[in-house]
Structures are given as structure tokens and as C-alpha cells.
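The values are calculated or read from the model by the stated rules, or taken from the named source; none is laboratory data. Just so it is clear, the model here is predicted, and its values are computed rather than measured. Glycine gets a Cβ as well: all are built from the backbone with ideal geometry, and neighbour counts include every protein chain shown.
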Amino acid sequence: MIQTPEDIAGLYVLGLLDAARRDEFERDMENDAALRARVADWEERLLPLTRMVEPEPLPPGLWSRIERSLWPTLRASAAPAPSSLVSRLWDSLAFWRSLAVTGFAAAMLLAVVGLPGTQQAGEPKFMVVLVAPDDKAPGWVVQASTEQSLKLIPLGMTEVPQAKALQFWTKGDKWKGPVSLGLVQPGRPLDVQMKELPPLEPNQLFEITLEPEYGSPIGRPTGPILYIGRAVKVM
């Protein structure tokens, strides 16, 4: 599947590119303002997820293990003192860019894993962040630990007008049209089995629309799209 620069920028922010592809992408960014803007846009979209988990103190001994991994020869040789190493690292743009992206991706993933109702059997194989079309604010997360089941997880409460409902849809690239995955209760997670549908695939479209109280009467979305996103394979 061909990935667009937008897709690759998203994978970069999530920390899902391999080392070689990440290095190539960072070289491209140095001379491409539009690419840098895409990365900044993805960070802005996903940053709210990092605010949903309370800070936790480091476990005892973790910082010392980090120090040993960063400066393994300090005690065994006449290597520069940590302060000079830190000074050199501080001046390294590549180091801080890498550190910032890695930290952002880790914090974002911790936020998703730490949300109530996200625990599933097995590690997630696919992930989707559903964002509002207008301001790109994330509203829901989809996690799938198999190719034919998934969990829809709210990131907050969506206001629904009286006599209206939220309806969850998906569509593969080669499908004729979207298929309903059911009605969604605001603020509540939803487990979905998709055994009668083709297996999940990268770039599969997911969306939540505002529909009549008992769902779309024609089997296709009729109301405005409130949240939309595409599946990214994470393992």
C-alpha cells in the first residue's frame, strides 16, 4: 500500500517507523517546511491524549539504570564527566529531536493504554484515533487485538441532541460503501465483533456520524461526520 506524506508523518510522531525510515524522514524534514508542518499538526492532534494520565513517580532504581545505559563506561574509564556529556547532548539538535518524538509517542501510547476500558486480550494490532473533522480534536480511540474484533474507547463525553444518536461505521478501501458497526452510547466503550466482514486492514476508514435516534434508516450515513480516522497497523 502506498503511504502518503501525511501517513508517514503520523507514523513518525507515533514512533512507528523503523530506524532507517525514521532517519530518512528526518533528513527530508530538514529541507521541507511542509513536512515539518505535517509533523507539528500530528503532534497537535495527539497531544491531548497525553494529558489524560496522571504523572507517576519513577520506580526506585530506574534513573540509575538509565544513567548506566547512557554512560556505561563512566566508572571504568577516564570518560568525560556527566556534566560535559549532558552539555554536548544539549547542543545536539538530532538528540533532542529524537528524544522529544520518542517521549511524545511513549506518552501518547501510555495515555491510550491507561484509559479505563482499554485492556484487551493480547497486544493491539491496529489503532485508530478518531478526530473531529474541523479542529482535529481526538474524541475516540479504536484498538484491535485481532483482525475481526475491536474496541471503541471514548476520550471524553460527546453531546448528542435529543432524538439523535451516534452511529459507528467502517469502510475498507475496496468496499462499495460503509458498513454500520452499531450505535454508540456517549462516553461508553463499545466492543465490536466483525466476523461477517473482511479482516481489518491498514488505512481502513472509521467514522462516527450523528443519525436519527434509532440509527440511519437507509444503512448508509445520513448525518454529519463527528469523528473520523484511518487504521494504522502497530504490530
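Just to be sure, is residue 220 of a type in the set (D, E, K, R) and over 27 Å from residue 13 (Cβ atoms)? For residue 220, the condition - of a type in the set (D, E, K, R) and over 27 Å from residue 13 (Cβ atoms) - is met.
Would the stretch 152-173 turn up any residue that is part of a strand (DSSP E or B), of a type in the set (A, V, I, L, M, F, W, C) and over 17 Å from residue 222 (Cα atoms)? Yes: one or more hits. Just one residue in the set 164, 176 is of a type in the set (D, E, K, R) and touching a residue at least 40 places away in the same chain (Cβ under 8 Å); that residue is 164.
Just one of the numbered conditions (1) in the same structural domain as residue 207 (by TED's automatic domain parsing); (2) at pLDDT below 90; (3) in contact with a Ser or Thr (Cβ under 8 Å, 6 or more places away or on another chain) is not true of residue 169: (2). Report yes if residue 200 is surrounded by 19 or more Cβ atoms within 10 Å (Cβ to Cβ) and in a loop (DSSP other than H, G, I, E, B), otherwise no. Answer is yes for this residue.
Among the residues of the stretch 182-189, are any small (Gly, Ala, Ser), without any contact (Cβ under 8 Å) to a residue 40 or more places away in the chain and farther than 26 Å from residue 11 by Cα? Full working, then the answer.
Initially, the stretch 182-189 is screened for residues small (Gly, Ala, Ser), giving 182, 187.
Checking which are without any contact (Cβ under 8 Å) to a residue 40 or more places away in the chain leaves us with 182, 187.
Now drop any that are not farther than 26 Å from residue 11 by Cα, which leaves 182, 187.
Yes, the stretch 182-189 has at least one match.
A quick yes/no check of all residues on (1) within 18 Å of residue 132 (Cα to Cα); (2) at pLDDT 90 or above; (3) touching a helix residue (DSSP H, G or I) at 6+ places or on another chain (Cβ under 9 Å); (4) not aromatic (Phe, Trp, Tyr):
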| position | (1), (2), (3), (4) |
| --- | --- |
| 163 | no, yes, no, yes |
| 176 | no, no, no, yes |
| 182 | no, yes, no, yes |
| 186 | yes, yes, no, yes |
| 196 | no, no, no, yes |
| 206 | yes, yes, no, no |
| 210 | yes, yes, no, yes |
| 219 | no, yes, no, yes |
| 225 | yes, yes, no, yes |
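In summary, residue 177 fulfils each of the numbered conditions (1) in a strand (DSSP E or B); (2) among the small types (Gly, Ala, Ser); (3) farther than 25 Å from residue 46 by Cβ with the single exception of condition (1).
Go over the candidates 219, 229, 182, 172 one by one and state the one that is buried (at least 20 other Cβ atoms within 10 Å of the Cβ) and among the small types (Gly, Ala, Ser).
The match here is 229.
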